[in-house]
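Reviewing the structure listed below.
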Amino acid sequence: MNNILILFSHPAIHKSRVHKELCRAARSVAGVTFHDLYGKYPDFYINVKWEQKLLVEHEIIIWQHPVYWYSCPALMKEWIDVVLEHNFAYGKQGTHLKNKKLMSAITTGGSARVYNESGSNHYTIRQLLAPFHQTAMLCGMEYLPPFVIHGSHMLSKSDILAYGDQYARLLSGLRDGTIPYGRFSEVTYMNELI
């Protein structure tokens, strides 16, 4: 069984219908450690050693957040900057994350059609996630396809509940090793494998 760590970053969770449901779904899955960064560090003073210990204890790491200006919320970026230190996450002695799996679970306000070369955002989600992918590679981790929910502001309650169920199934499959790892290169989003 794989232990999963979800590093959740949302500065205004009270406004998010979708992430509230994803959080509920994630917390319902045994073997998942749900870690709310804004809840733990409202002052942005991150306990680096404790965060590194959490990373070492888990095989799969998930960065869950809304897409803010084509990236992640500020606290997640701060977490990446201070926790993934040289000689912990990368460098000659930085092998603590080697062979672990990393995935992004994100929401966008815009619809899927605007995230392509001819859309108004000019880039695909996978292209926008390139810095996260490269971070995983530098740390010796395998970067999995992202779990993506587009058009979060336009979803009905039933759509949101369906995404919550899909996320819970994904987490259970990752935990149990039943997601077909050999198919990762065939899909754009992890959603396609659920």
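With respect to the conditions (1) farther than 30 Å from TYR123 by Cβ; (2) in contact with a Leu (Cβ under 9 Å, 6 or more places away or on another chain); (3) of a type in the set (Ser, Thr, Tyr), SER104 lacks only one, and its number is (1). Where helices (runs of 4 or more DSSP H) sit wholly within the stretch 110-177, those with at least 1 residues that are touching an Asp or Glu at 6+ places or on another chain (Cβ under 8 Å) and within 24 Å of ILE13 (Cα to Cα) occupy 157-176. Inside the stretch 99-128, residues that are without any contact (Cβ under 8 Å) to a residue 24 or more places away in the chain and of a type outside the set (S, T, N, Q) make up a count of 5. If you filter the stretch 164-180 down to residues that are touching a Phe, Trp or Tyr at 6+ places or on another chain (Cβ under 9 Å) and not hydrophobic (A, V, I, L, M, F, W, C), you find that the one that is surrounded by the fewest Cβ atoms within 10 Å (Cβ to Cβ) is GLN166.
Where helices (runs of 4 or more DSSP H) fall wholly inside the stretch 1-95, the ranges with 1 or more residues that are touching a Phe, Trp or Tyr at 6+ places or on another chain (Cβ under 7 Å), free of Cβ contacts under 8 Å to residues at least 12 places away in the same chain and within 16 Å of SER172 (Cβ to Cβ) are 17-27.
Residues that are of a type in the set (S, T, N, Q) and surrounded by fewer than 21 Cβ atoms within 10 Å (Cβ to Cβ) were ranked within the stretch 52-81; the one that is farthest from the chain's Cα centre (by Cα) is GLN52. For LEU84, the requirement of being modelled with pLDDT of 95 or more and either out of contact with any Asp or Glu (no Cβ under 8 Å at 6 or more places or on another chain) or surrounded by fewer than 19 Cβ atoms within 10 Å (Cβ to Cβ) (or both) is met.
The values are calculated or read from the model by the stated rules, or taken from the named source; none is laboratory data. What you see is a predicted model, and the numbers here were worked out from it, not measured in a lab. All Cβ positions, glycine included, derive from the backbone under ideal geometry; neighbour counts span all protein chains shown.
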